[in-house]
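Everything below concerns the one structure shown next.
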Ligand code: UD1
Ligand code: MG
């Protein structure tokens, strides 16, 4: 796995020096009723990773003092998703027992933060597109006004439906946030919305939170009531209006999630075409994860999926229907139609498919070839070796320049355990050979068509029959 590089080191140092009082609080306890799902919303995937994974990466890139995550529904699963990104020791969890709203969620982290003279950046687990640069700008704005109790990140939306609206007073200053369901028609006409992302002074946030009530259409404790309470008690509340509405889009239902998915994919593929010199025959019908890399002059045909942190070299051709997951493909590899390559490594100049399957750490060395209906599992195929048709090679080590005949099977499983097959270099395995593992075939040996090999074959030997026996070569 490649390490995740969040930001350039020099940038990190700068942020650390400026923001040593920064704590981040991520809200991720809600079920997400609008997803109509048995899976909690923040675990739904965007670009192959849980929504919460995106938010955690962004949080980490700001190098905060502490990250707190509020969990509730399916808390253990959310906890593991968060720990995978941040590392168990770099995050603390607050449990919200019953989900009574975003204000109640923040309240769950009271014991960690209420006495801290900290700047708390509140993020939503379901707003995954927000960029670190935007958050840095929000924090800088918040800090530029010495006594600011709260700074709200807002944007103008052409269709603000569903979001909380920012209501300003006649001087254009912050007055209150009104939720869609509680808003009057006049308020609903406001296009400026609350992103759900805020900076607070920790002490002031938790003091005001005590006064939040649940007299609203949803009977919930809204975090969005806190800024107005602060303002009423004479505190400074700022609005930081951001230009890019796309960054604050939430994934509240599956339509919004699909919109975000399309946005991320398009961004990745466009970058690969413009910056990395990759050809996409039909960019709208290719799916490449943001964490993958593809080399110059590689051609990707329609309906190809590249997932995880796959690395594809230069000058490759990947035909339609192929899916590549967490794999390394070297330069000048040709992958024909409908192959599945997972957790595997493919060397320079290899040819694969159509309809081949590599999995479980399969390794194809330089110039080797795997043809149609061939499966490789936990198997190394040496330099220039070939398995061209209808073959299963599992738990096997194959040397160089060896030819595996059509229909060859490694019988690697005895019903309880898996066993190893070792095949040397310059070997000719006849069509339809069964290799009953554990078994070895020495360098330069051959097996006859249809042989069932139950005993080791010496180098240079020819075996034939069922069970296979030694025969002198003609
Ligand atoms: C919220 C804001 C809204 C804003 C929008 C931006 C409130 C009341 N409304 O609405 O003004 O425009 O975000 O995306 O805050 N959560 C909990 N516990 C709960 C409820 C929610 O942890 O009891 C978490 C959710 O998991 C989610 C986040 O808080 O990650 C936001 O909750 P959600 O229900 O999506 O709020 P919105 O309706 O989107
Ligand atoms: Mg939301």
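Bear in mind these aren't lab numbers, they're just calculated from the coordinates by the rules spelled out. Since the structure is predicted, the reported quantities are computational estimates derived from the model, not experimental observations. Quick reminder, even Gly has a Cβ in these numbers, built from the backbone with ideal geometry, and neighbours come from all protein chains shown.
With r as the distance between the Cβ atoms of residue 334 and residue 443 and R0 = 35 Å, compute the FRET efficiency 1/(1 + (r/R0)^6) and round to 0.05.
Calculated value: 0.75.
When a footprinting reagent is the concern and you count Cβ atoms within 10 Å, what order do 83, 98, 151, 289 take, fewest first?
Exposure proxy ranking, most exposed first: 98, 83, 289, 151.
If packing is taken as the mean number of other Cβ atoms within 10 Å per residue, what is the order of 179-185, 383-389, highest first?
Descending mean neighbour count gives 383-389, 179-185.
Could you check the simple spin-label distance between residue 279 and residue 21, using points 7 Å along Cα→Cβ, in nm with one decimal?
Going by the 7 Å Cα→Cβ label model, 5.8 nm.
Can you give the FRET efficiency for residue 296 and residue 266, using 1/(1 + (r/R0)^6), R0 = 30 Å, r = Cβ-Cβ distance, to the nearest 0.05?
0.90
How much length is gained on full extension from residue 456 to residue 184, taking 0.36 nm per residue of separation minus their Cα-Cα distance?
Stretched fully, the residue 456-residue 184 segment lengthens by 89.6 nm.
What residues from the stretch 297-329 fall in the zone where the backbone N is under 18 Å from a label point 7 Å along the Cα-to-C-beta line of residue 45?
Correct set: 303-311, 321-328.
Compare the peptides 254-261, 63-70 by average per-residue count of other Cβ atoms within 10 angstrom and give them in order, highest first.
63-70, 254-261
Residues in the stretch 245-277 near a label at residue 158, defined as backbone nitrogen under 13 Å from the 7 Å Cα→Cβ point?
245-246
Counting only Cα, what are the radius of gyration and maximum Cα-Cα distance Dmax of the stretch 202-241, in Å?
10.7, 29
Estimate the FRET efficiency between residue 317 and residue 232 by the formula 1/(1 + (r/R0)^6), using the beta-carbon distance for r and 60 Å for R0, to the nearest 0.05.
0.40
How far is it, in nm, from the label point at residue 169 to the one at residue 469 when both lie 7 Å from their Cα along the line to the Cβ?
The answer from the label model is 10.3 nm.
In whole Å, what is the distance between the alpha-carbon centres of the stretch 432-474 and the stretch 185-238?
About 77 Å separates the Cα centre of the stretch 432-474 from the one of the stretch 185-238.
Taking only Cα atoms, what is the 0 to 90° angle, nearest 10, from helix 254-275's long axis to the longest principal axis of the chain?
60 degrees
How many nm is it between the label spots at residue 95 and residue 115, if each spot is 7 Å from the Cα in line with the beta carbon?
That separation, rounded to one decimal, is 2.3 nm.
Find the centroid of the Cα atoms in the stretch 73-126 and in the stretch 329-361, then give the distance between the two in whole Å.
42 Å
Quick one: work out the % antiparallel among DSSP beta bridges in the chain, nearest 5.
Roughly 20 percent of the beta bridges in the chain run antiparallel, per DSSP.
Could you check what % of the DSSP bridge pairs in the stretch 333-474 are antiparallel, to the nearest 5?
Taking every DSSP beta bridge with both residues in the stretch 333-474, the antiparallel ones total about 10 percent.
Among 168, 36, what is the fewest-to-most ranking by other Cβ atoms within 10 Å?
36, 168
As a test of the definition: which semi-axes, in Å, follow for the stretch 326-370 when you take the square root of five times each eigenvalue of its alpha carbon gyration tensor? Largest first, please.
Semi-axis lengths for the stretch 326-370 are 13, 13, 8 Å.
Using Cβ counts within 10 Å as a stand-in for footprinting exposure, how do 170, 318 rank, fewest first?
170, 318
Cα-based Rg (one decimal) and Dmax (whole number) for the chain, in Å?
Final numbers for Rg and Dmax: 29.2, 101 Å.
Can you give the helix-only mean residue ellipticity at 222 nm for the chain, where every DSSP H stretch with n ≥ 4 adds -39500 (n - 2.57) and the sum goes over all residues, rounded to the nearest 500 deg cm²/dmol?
-6000 deg cm²/dmol
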